[in-house]
Amino acid sequence: MTEASRLDHPVTGRCLCGAVTITVEAMEAQVDICHCAMCQRWSGAFYAGVKGENVTVEGEAAVTAYRSSEWAERAFCGTCGSNLWYRFLPTGSRSFLAGLFDLPTGFGIERQIFVDEKPDWYDIAQESPMLTGEEIIAEAEAAGFSFG
Ligand SMILES: [Zn+2]
Ligand SMILES: [Zn+2]
């Protein structure tokens, strides 16, 4: 996989009510898509996340984090209910809901995962790598993570 290009300026996103703002420096110019059943339930359809370095969150007091599984936490604004981020607990890395930000044009899709759990009423037309749940779990296990 080639290194994603990064934006050369910080981007700030916010929840619907504005209580929480998130600034990401050097955001990767691509979106990560997850079609798993949990993301469908959480996001309404699929999860679309962005990530980058040097993240600043303001309004932490309004943030509620929900431990959605042994290895992940999902955060949302306790005032307006906007979903904010998904945190993979073994590494602490977060990805943020793409819709919180006014993103510049030209973003690609890094890949779509859990494509086997995607409902059949939509498809994402943009060309991107697609992995099943089994494939992404095998990849994570090969990287040293375990899922009970
Ligand atoms: Zn809010
Ligand atoms: Zn998911």
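Assorted remarks:
- Segment 56-83 and segment 125-145: distance between their alpha carbon centers, rounded to Å: 25
- Rounded to the nearest 20, the Cβ-based charge dipole of the chain about its Cα centre (Lys and Arg +1, Asp and Glu -1) stands at 540 debye.
- Mean sequence separation of contacting Cα pairs (under 8 Å, at least six apart), scaled by the length of the chain, corresponds to a relative contact order of 23 percent.
- Built from the Cα atoms of the chain, the convex hull projects on average onto 9.1 nm², one quarter of its surface area.
- Estimated distance in nm for a label pair at Y66 and Y122, the labels positioned 7 Å out from Cα along Cα-to-Cβ: 1.8
- Calculated [θ] (222 nm, deg cm²/dmol) that DSSP helices of n ≥ 4 give over the chain, each run adding -39,500 (n - 2.57): -3000 deg cm²/dmol
- Efficiency of FRET between T56 and C80 - r from beta-carbon atoms, R0 25 angstrom, step 0.05: 0.80
Taken together, the values in this text are just the output of simple stated rules run on the coordinates, not laboratory data. The model shown is predicted, which means the values in this text are computed figures rather than measured ones. Cβ sites come from the backbone with ideal geometry, for glycine too, and all protein chains shown count toward neighbours.
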